[in-house]
Amino acid sequence: MKAGEPILIVGAGLSGAVIGRELAQAGCKVEIVDARSHIGGNCHTERDAATGVMVHVYGPHVFHTDDAEVWSYVNGFATFLPYRNRVKTTVGGKVYSLPVNLHTINQFFGRSLRPDEARAFIEEQADRTIADPRTFEEQALRFVGRALYEAFFKGYTQKQWGCSPTELPASILKRLPVRFNYDDNYFFHAHQGIPEDGYSAMIARILDHPDITVTLGTDFRRGQGAGFAHVFHSGPLDGYFDYARGRLGYRTLDFERFTHEGDYQGCAVMNYGDLAVPHTRITEHKHFAPWEEHAGSVCYREFSRACEPGDIPYYPIRLVEEKAQLADYIALAQRERGVTFVGRLGTYRYLDMDVTIREALDTARLFLDRRAAEAAMPSFLKPPI
Ligand code: FAD
Ligand code: UDP
């Protein structure tokens, strides 16, 4: 890399903002471009003019982490207010508590079991012939049994991923706990909260540095990195290479927005487990800010479908076929000099916000260390980075 030239970052989401800030603080000039008309990437929030509700424009975002450094980092840029994600699900016209906990078990089976009784009861339901669950369905049958699986997971997962749970890896379900007490906190991390004035305000503060410039409405194409010391690319990996090895599979989401006077559903997230109900969930955004009061309400009815050209890619599919295709793109990326692929789209992985920030901090620090090492080397030894 050439000293003195600015760094280009593609994408003003969390990945781009955090990398940009670390590099600017270390003395680099940073230019960030984003194709959209706003910063924040998929974490973008904005207040609805009519109701005053803070809307999570690309779907609901709850910050949760066990990473103490990342928690301290985000608290340096925003006031995080306590928030507990308590998700409900509607199945067969009845409302149940999630994640599956003692309340769900007692509600569903019409019992009043105590923790040890419920554990033994579910163990009886579980399919113990499955020693090493590999698919989503096997994982569910092994840990909660057929009745709970068919009610809460089978239909929802079919709608969310557009395929049978027998075709999906067990790892997707492993993210959800099963509890034998009344703890209905959806997450189990030490820190959980939502920024008081939304994620976009937090990301604007991360970007607020005299050596960072942000240009919106600018679509970066391969080859436009000339004149920059290095490019960090948080846009889609396949898009960068003009889909030379085909399109990596994603699920996209359609949000059907509606407003309501008063309280529509009494909670932030209501899932719908039945296959016959076409949407996966309804989110009511004002409940993500319980410290605010609004007479009106903004809700999103969420539908999942295959991502087509022109749609926003949300969830990477990562089945066998996509993994083979991804390996081809990784080989191309490794041959590309002067570009680092970062973030959820650049690395084709589902990344929670805390993991995104952790990886962005580590990437920026590694880059700075390598640059310092390169600067200290005699010129004939310098490897290109
Ligand atoms: P992005 O936010 O996607 O940002 C990438 C940016 O790059 C975008 O602004 C895009 O416009 C821009 N870009 C792309 N290509 C180009 C180009 N060629 N030229 C210029 N600009 C370009 N995480 C949690 O921790 N908690 C949650 O509750 C949570 N909920 C989620 C809900 C949904 C529905 C989804 C899909 C994700 C959720 N996440 C959640 C994950 C979170 O959204 C990601 O961690 C985060 O958005 C990753 O940031 P990023 O900067 O890598 O990517
Ligand atoms: N899931 C389900 N029923 C639910 C909620 C989740 O079957 O009511 C499954 C679904 O396959 C989903 C996975 O569990 O993709 C992980 O759930 P999570 O809520 O973590 O999904 P995400 O935040 O990715 O939407």
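The values are calculated or read from the model by the stated rules, or taken from the named source; none is laboratory data. What you are looking at is a predicted structure, and each value in this text was computed from that prediction instead of being measured. Note that each Cβ is placed from the backbone with ideal geometry, even for glycine, and that neighbours are counted across all protein chains shown. The area values use the complete protein model at the heavy-atom level, side chains included, leaving out ligands, DNA and RNA. Shrake-Rupley method; radii C 1.70, N 1.55, O 1.52, S 1.80 Å.
Rolling a 1.4 Å probe across all protein chains gives HIS233 an accessible area of roughly 10 Å².
If you roll a 1.4 Å probe over the chain with all protein chains in place, what percent of the accessible area is carbon or sulfur?
51 percent
Compactness check for the chain: Cα Rg over 2.2 N^0.38 Å is 1.08. Round to the nearest 10 and give me the degree value, 0 to 90, for the angle of helix 353-376's Cα axis relative to the longest principal axis of the chain. Its long axis makes an angle of about 20 degrees.
Using C-alpha pairs below 8 Å separated by at least 6 residues, the relative contact order for region 1-128 is 12 percent. Between 0 and 90 degrees, the angle of helix 14-25 with respect to the longest Cα principal axis of the chain falls at about 40 degrees.
Count charges around SER37 for me, please; just the other residues with Cβ under 15 Å from its Cβ, Lys/Arg as +1, Asp/Glu as -1.
On the way: positive: ARG36; negative: ASP34, GLU46, ASP219.
It works out to a net charge of -2.
Reducing region 82-134 and region 1-68 to their Cα centroids gives an inter-centroid distance of 38 Å.
Loop-resident trypsin sites (Lys or Arg not before Pro) (DSSP state other than H, G, I, E or B) in region 298-385 with no more than 15 further Cβ atoms inside 10 Å of their Cβ: ARG337, ARG349. Remark: region 106-174 carries 53 Å² of accessible area per residue (probe radius 1.4 Å; ligands, DNA and RNA excluded).
Computed about the Cα centre, the dipole magnitude for the chain is approximately 660 debye when only Lys and Arg (+1) and Asp and Glu (-1) carry charge, each at its Cβ. GLY273 sits among other residues whose Cβ lies under 11 Å from its own Cβ, and their net charge, with Lys and Arg +1 and Asp and Glu -1, is +3. With the charge dipole of region 233-385 set up from +1 on Lys and Arg Cβ and -1 on Asp and Glu Cβ about the Cα centre, the Cα lying farthest toward the positive end among the listed residues ALA268, ILE312, MET377 is that of MET377.
Per residue, the average separation of C-alpha pairs within less than 8 Å and at least 6 apart gives the chain a relative contact order of 26 percent. Between ARG370 and ARG114, the modelled labels are 5.9 nm apart [label points 7 Å from Cα along Cα→Cβ].
Excluding HIS260 itself, calculate the net charge of residues whose Cβ lies under 14 Å from the Cβ of HIS260, where each Lys or Arg counts +1 and each Asp or Glu counts -1. Don't skip to the answer; put the middle values down first.
Working: positive: ARG257, LYS286, ARG301; negative: ASP48, GLU256, GLU261, ASP263, GLU284.
Charge balance in the 14 Å sphere: -2.
For the chain, lysine pairs separated by 8 or more sequence positions, or belonging to different chains, with Cα-Cα distances below 26 Å total 17. Approximating the spin labels as points 7 Å out from Cα along Cα→Cβ, the GLU5-to-ALA147 distance works out to 6.6 nm.
Taking the Cα centre of region 123-205 as origin and assigning +1 to Lys and Arg Cβ atoms and -1 to Asp and Glu Cβ atoms, the resulting dipole is close to 180 debye.
What dipole magnitude, in Debye to the nearest 20, does region 202-351 give about its Cα centre under +1 on Lys/Arg Cβ and -1 on Asp/Glu Cβ?
On the way: 17 positive and 20 negative charges, 143 e Å.
Computed about the Cα centre, the dipole is about 680 debye.
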